[in-house]
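The values are calculated or read from the model by the stated rules, or taken from the named source; none is laboratory data. This structure is a prediction, so every number in the text was calculated from the model and none was measured. When we count neighbours, we look across all protein chains shown, and the Cβ atoms used for this are built from the backbone with ideal geometry, even at glycine.
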Amino acid sequence: MKIGFAGLGRMGFAMAQRLLQAGVDLTVWNRTKSKAQDLLDQGAKWAETPLELTENCEILFSMVADDQAVKEMYTSEAGLLQGGLNGKLFIEMSTVHPATIRELAEMICQKGGSLIDSPVSGTVVHAREGSLIALMGGDEESISRAKPVLGTFCKSMKHIGPAGTGMVMKLVLNMPMNIYSYALSEALAIGVKAGIDLKSMLEFIAESPAGIKVLPVKIPAILQATEEVSFDIKGVKKDLANMISAGQFYGVPTPAASITLLSYTTAVADGWGDRDWGAIVPYFIEKVLKM
């Protein structure tokens, strides 16, 4: 079976590498070829365009930055949808708006192919370990076809519902964590202004009911003691905007997400967009200390 993979950012690269390690016949594409070089050295083939992936592969993965990148990759002149799609299975793993998934799924179905959305819960570390959780939306036949390949880097695969619902579930998972980061920023800023040591506060919170599972992992990023990025601030900004839009579509108000988005938007504008999302806390504290 020939597998294609489009998008070799941190997460996409780790997934593609797992596929190679499993002995998969893999062809890759990325806007910047240099990011694929390590994979090519390990035996992956190179596609000059997304269209070449469609022409040469049976199952095609995608993991790119946002809705605009997804739409361009599928619908451009040399995009994924320009070749023959009969029997092709597209597995869209980028975290994008659910409406984008529904539109693409319909277009692909009309051409004889199928698409499932399968965003994942976890970090690059989990991808390298093969312990991600896949949140899948699509028809039963396509889900069954995708599972053996997804199992290369996912320990658990959940079928949420029809196309688009996997993406909704990913946004549902992300939103409480994103809002928590903003609430944590406000709380810690008060403590810092009161003269309490930031590291000590983080340790106290992590041990208390106020701590969430991810907090101990994020302490180095909050203390700016690491440059490692598992998911960046601009990515959180995108996810929050998509969740607010989804709320509007379903008639659900999202005031907490809206106020959180303002903080992330300001952080991106101030040049913090490429930092790990845990850095939203020191960003907020620095702003408060300048007041």
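Hey, can you tell me all the residues within the range 44-84 that are of a type in the set (K, R) and touching a residue at least 60 places away in the same chain (Cβ under 8 Å)? Once the filter is applied, which keeps residues that are of a type in the set (K, R) and touching a residue at least 60 places away in the same chain (Cβ under 8 Å), the range 44-84 yields nothing. Assess whether E228 counts as being out of contact with any Asp or Glu (no Cβ under 6 Å at 6 or more places or on another chain), in a loop (DSSP other than H, G, I, E, B) and either buried (at least 20 other Cβ atoms within 10 Å of the Cβ) or at negative phi (or both). In short, yes. Close Cβ contacts (under 9 Å, 6 or more residues apart or on different chains) running from residues in the range 171-183 that are within 15 Å of L215 (Cα to Cα) and in the same structural domain as W277 (by TED's automatic domain parsing) to residues that are crowded, with 22+ Cβ neighbours inside 10 Å and of a type in the set (F, W, Y) comprise M177/W277; N178/Y264; N178/W277; S181/Y264; S181/W277; Y182/Y264.
Considering (1) part of a loop (DSSP other than H, G, I, E, B); (2) touching a residue at least 24 places away in the same chain (Cβ under 8 Å), the lone condition that M11 does not fulfil carries the number (1).
Starting from residues that are in contact (Cβ under 8 Å) with a residue 60 or more places away in the chain and of a type in the set (G, A, S), keep the ones in the range 259-291 and report whichever is surrounded by the most Cβ atoms within 10 Å (Cβ to Cβ). The qualifying residue surrounded by the most Cβ atoms within 10 Å (Cβ to Cβ) is G278.
Of the residues G195, G251, which is at pLDDT 95 or above, loosely packed, with under 12 Cβ neighbours inside 10 Å and more than 30 Å from H97 (Cβ to Cβ)?
Within the list G195, G251, the selection yields G195.
Considering A257, A221, the condition of being under 14 Å from P176 (Cα atoms), at pLDDT 95 or above and in a helix (DSSP H, G or I) is satisfied by A257 alone.
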